[in-house]
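**Student:** Pasting a structure here, questions to come.
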């Protein structure tokens, strides 16, 4: 029945206005049909406990709620609720046939101006994040509040939300989240709520529990001639009646998931200035963990749907897993004392993949030798070099300049109170010693991660990397023997030895255990 409906609505004739084509976007709760100028959003007849669209009356009511609530931030986009009726050629919007369902009708926004798209293209700027923060602060300032809304800001309400999360995520273990990680997060949440009950009371008393958006992420914000924030939570009041800190935590978490922690400070600083709310860092971390967990859970829901292609199924599972790991990372961050972490290994050994994921999960600063070297040379990050070994920007002088810049970058991160991971080959013992000395000078922990991988896997990675258009490394198979001959391996006991041929998450967990962060 549902597939027949979709087939009908993919025909241009199903729409009242002329359109050349119709495209479908499917989420776990909706079918969104995009025409040339409009979007029609049909709710699926699903019941997830926290959301129930199983009856026609419910879907009509929540379509109306979606329009009403989203007009708070994007009034000109939400046109109203339209009827879906049967017709001679199948289902269509309009006509006099039998009523089938309802849909929210919206003006179509330019996809290339969505925050997610701008971020992917590297075009999202700090000043845009600051402007967005001011819009959100103004929205929060005028958002509704009252006793019913305040009740959802209590530690008891948060405990109930988390318990619901754990129950609903349990069926996906170990497919997207291991049982041991669920237990770790459950213990952390219980301890945080018990130790910070006064903090939740203070937020209620301070008036920070409001009728918020509830779904502030990169895919729901569009930068046109004005900032348009759309698709808020309409289906459950308790997901809108939240701490304003929980609202912004979603966007901050989304930036961290995308590896753009550099855009978090301009957003947060602008929000705090505009709102007057100096959000406690521990509370923000707690809400970011909550947001990442919910995203992992929601992505996991799609795994139970019929008709997902194998590639889409695999991608959805991988995305859910990464969100759950990020949620766990927020829980682990308090276990890491200030630290300077450096990688060490041959080109193609997987240093960058490990360093980036370590940075993402633990919220570390990240310094890349590839990016630093090209910046110093005035090259674009993805501009591929073809020079020979120790030539061009890879001469001894270029190496010295690169490692000095990395050292200064690490110093800045550590002086700001942030741990940092430095992604570089570190083939020379002298370079490693300079970073060890910096850690000692600043009184922070020092970890050297030595990645080792067999030559066949290394060469396969280098060949694959050479075909990836967004890759910034210039490493090539023909350069490997020279680098291997000159590589000064760490002394026994000097480094955490990492088997870089393992799957990335397994490899990362071994590192976290070696650092004493995971039991």
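Read the figures in this text as sums done on the coordinates, not as results from a lab. Everything quoted here is computed from the prediction, not taken from an experiment. In this analysis, Cβ positions are derived from the backbone assuming ideal geometry, glycine residues included, and neighbour counts consider all displayed protein chains.
**Student:** Normalised by the empirical 2.2 N^0.38 Å for globular proteins, what value does the Cα Rg of region 330-439 take?
**Tutor:** Compared with the compact-globule rule of thumb, region 330-439 sits at 1.08.
**Student:** Show log10 I(q)/I(0) for region 311-389 at q = 0.12, 0.17, 0.23 Å⁻¹, two decimals, from a solvent-free Debye sum over equal Cα scatterers.
**Tutor:** At q = 0.12, 0.17, 0.23 Å⁻¹ the computed log10 ratios are -0.52, -0.90, -1.13.
**Student:** In the calculated pair distance distribution of region 73-127, what percentage of Cα-Cα distances lie above 17 Å?
**Tutor:** 59 percent
**Student:** Per residue, what volume in Å³ does the Cα convex hull of region 166-235 take up?
**Tutor:** 151 Å³
**Student:** If you line up the long axis of helix 264-275 against the longest principal axis of the chain, both from Cα atoms, how many degrees apart are they, to the nearest 10?
**Tutor:** Computed tilt is about 50 degrees.
**Student:** With N set to the residue count of region 113-331, report its C-alpha Rg divided by 2.2 N^0.38 Å to two decimal places.
**Tutor:** 1.00
**Student:** May I pose another question? So if I average 1/r over every pair of distinct C-alpha atoms in region 127-256 and take the inverse, what Kirkwood radius in Å does that give?
**Tutor:** 16.2 Å
**Student:** Follow-up. Starting at 0 and stepping by 20 Å, how many percent of the alpha carbon pairs of the chain end up in each bin?
**Tutor:** 20, 50, 27, 3, 0
**Student:** What do you get for Rg/Rh of region 337-514 when both radii come from the Cα atoms and Rh is the Kirkwood radius?
**Tutor:** 0.93
**Student:** On the principal axes of its Cα set, how long, how wide and how thick is region 137-208? Give whole Å, largest value first.
**Tutor:** Principal-axis extents of the Cα atoms in region 137-208, largest first: 43, 26, 21 Å.
**Student:** Can you give me the Cα centroid spacing of region 267-288 and region 111-152 in angstrom?
**Tutor:** So the separation of the two Cα centres works out to 13 Å.
**Student:** May I pose another question? Extending each Cα 7 Å along its Cβ direction at residue 96 and residue 400, get the distance between those two points in nm, one decimal.
**Tutor:** Each label point lies 7 Å from its Cα, and together they span 8.8 nm.
**Student:** Could you tell me the center-to-center distance, by alpha carbons, between region 13-89 and region 346-360 in angstrom?
**Tutor:** 42 Å
**Student:** Next question, about the same structure. How much of the pair distance distribution for region 2-108 lies past 23 Å, counting alpha-carbon pairs only, in percent?
**Tutor:** So the portion of pairs separated by more than 23 Å is 23 percent.
**Student:** In what sequence, highest mean first, do 12-22, 335-345, 245-255 appear when ranked by Cβ atoms within 10 angstrom?
**Tutor:** Highest-to-lowest ranking by the protection proxy: 245-255, 335-345, 12-22.
**Student:** Please give the helix 351-362 orientation as an angle from the longest Cα principal axis of the chain, in degrees from 0 to 90, rounded to the nearest 10.
**Tutor:** Roughly 50 degrees between the two axes.
**Student:** Averaged over all directions, how much area does the convex hull of the C-alpha atoms of region 394-460 cover when projected, in nm²?
**Tutor:** Result: 5.5 nm².
**Student:** Rounded, prolate or oblate for region 202-357? Axes are the square roots of the Cα gyration tensor eigenvalues, ordered a ≥ b ≥ c, and the cut-off for rounded is a/c under 1.5.
**Tutor:** Note, shape of region 202-357 comes out oblate.
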